[in-house]
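See below for the structure under consideration.
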Amino acid sequence: MRSAITLLIVGVCNSNSRCGCCHREFSFETGDRLLLYTDGLLAENAAGQSFGDTALNTFIEEKQDLGAEQFVELLLGEVLSWSSDGTQLQQKDDITILVMDFGSSET
């Protein structure tokens, strides 16, 4: 069974939108995962290097089979470790991570 879920993702917008907001529809199937995060997740470390899309994509590929809670805990740990200079955390920006796993609606 396929169901369509409509989400308004704040901060994601089409530059051609007249009203400053756009409407997009996303369809999710059983087993899909949605990952939303603020820009603090990609912040630079003490050496001026960004965690970036490459490290995030690698993390997702390697950890995609974990449950949502463990996935978020490990991701946050990776980012905080990345931002450390070896003696203290250097993370300056807030980090918000939301993971939604779409499972079966059967009981």
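Couple of notes before you dig in:
- From the options Glu44, Glu78, residue that is farther than 20 Å from Gly103 by Cβ, of a type in the set (Asp, Glu), surrounded by 11 or more Cβ atoms within 10 Å (Cβ to Cβ) and touching a Ser or Thr at 6+ places or on another chain (Cβ under 8 Å): Glu44
- Taken as a whole, the structure leaves Ala55 outside the set of residues that are surrounded by 15 or more Cβ atoms within 10 Å (Cβ to Cβ), at pLDDT 75 or above, in contact with a strand residue (DSSP E or B) (Cβ under 8 Å, 6 or more places away or on another chain) and not basic (Lys, Arg).
- Filter pass, Ile60 being surrounded by 13 or more Cβ atoms within 10 Å (Cβ to Cβ), outside any strand (DSSP E or B), modelled with pLDDT of 90 or more and not small (Gly, Ala, Ser): yes
- Filter pass, Glu29 being touching a Lys or Arg at 6+ places or on another chain (Cβ under 8 Å) and at pLDDT 85 or above: yes
The values are calculated or read from the model by the stated rules, or taken from the named source; none is laboratory data. Computed from a predicted model, the values in this text were never measured in an experiment. Glycine gets a Cβ as well: all are built from the backbone with ideal geometry, and neighbour counts include every protein chain shown.
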